[in-house]
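Please read the structure below before turning to the comments.
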């Protein structure tokens with residue numbers, strides 16, 4: 001499940017990256033909406049979001065890209081709650097439905113404040129994907145897992161998004177607990193930056209989410225064709241390692 005930031009470094013390049021994801025075999029695409037204060041994201045994605053916003057990327061552009069992608073692959077937008085509030089929960093849900101979203105991730109939305117958004121989404125059949133972290137207390141984790149729809153996003157560690165030299169030692173226990181407590185799949189994100197790490201996560205979880213590594217590849221590419229080639233090569237290498 002590769003992550004991409006809509007509008008980075010521009011809309012045409014993000015379309016090329018999206019096409020490369022599909023061609024390389026992505027099962028689901030996590031489509032990030034740029035936001036000025038992405039508190040869950042590290043410096044790579046934060047810088048990319050700043051650039052996308054400076055280029056004029058807005059929510060309607062994200063939705064247009066979602067609609068294009070949804071014709072060929074499942075798309076799960078990731079937006080911060082400020083966007084939901086600005087648009088309004090009802091219209092937000094309607095926009096997701098109209099543009100083919102298969103779910104949505106709102107990383108800074110606490111469970112206790114999600115009722116209105118969840119109800120609006122429920123009317124459209126779009127799941128609000130919950131997040132569980134290593135710091136989530138066991139009882140709260142169980143409550144989140146019991147109510148989960150779509151899949152549970154397992155945050156691998158307590159830091160922001162970004163590549164790590166190694167995966168947390170306790171990740172396997174966290175994923176096992178989530179899988180035992182939930183009736184939906186568990187997908188792991190944060191810190192997966194090599195095909196080998198993707199394979200290691202694939203052995204314990206139902207889904208593997210790669211973000212910063214791919215955004216960095218786009219940032220370092222000299223043009224959109226090189227960006228598409230770089231991300232496609234990584235996804236193919238990761239799938240090969242996971243299959244092995």
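Please treat every number below as a calculation from the coordinates, not as lab data. This is a predicted model, so every value here is computed, not measured. Ideal geometry is used to build each Cβ from the backbone, glycine not excepted, and the neighbour counts take in all protein chains shown.
A Gaussian network model of the chain, with springs between Cα atoms under 10 Å, assigns the largest mean-square fluctuation among 46, 225, 99 to 225. For the stretch 85-132, the pair-distance distribution built from all alpha carbon pairs, in bins 5 Å wide starting at 0, is 5, 23, 36, 26, 9, 2 percent.
As a rough footprinting exposure proxy, the listed residues 13, 50 were ranked by other beta carbons within 10 Å of their own, and the order from fewest upward is 50, 13.
Label positions at residue 36 and residue 116, each projected 7 Å from the Cα along the C-beta direction, are separated by 2.2 nm. The GNM of the chain, with springs linking C-alpha atoms under 10 angstrom apart, assigns the highest mean-square fluctuation among 170, 230, 64 to 170. For the chain, what does -39500 (n - 2.57) per DSSP helix run (n ≥ 4), summed and divided by total residues, give at 222 nm, in deg cm²/dmol to the nearest 500? It comes out at -15000 deg cm²/dmol, rounded to the nearest 500.
Which whole-percent values make up P(r) of the stretch 3-243 when all C-alpha to C-alpha distances are grouped in 5 Å steps starting at zero? Percent of pairs per bin, in order: 1, 7, 15, 19, 21, 18, 12, 6, 1, 0.
When each of 1, 242 is scored by the number of other beta-carbon atoms lying within 10 Å, the sequence from fewest to most is 242, 1.
Using a 10 angstrom cutoff on alpha carbons, build the Gaussian network for the chain and name the most mobile of 208, 87, 62. In this elastic network of the chain, the residue with the biggest mean-square fluctuation among 208, 87, 62 is 87. In the chain, the DSSP beta bridges split such that about 0 percent are antiparallel, to the nearest 5.
Among 209, 126, a tally of other beta-carbon atoms within 10 Å of each Cβ gives an order, fewest to most, of 126, 209. Across the chain, the relative contact order, built from alpha-carbon pairs under 8 Å that are at least six residues apart, equals 21 percent.
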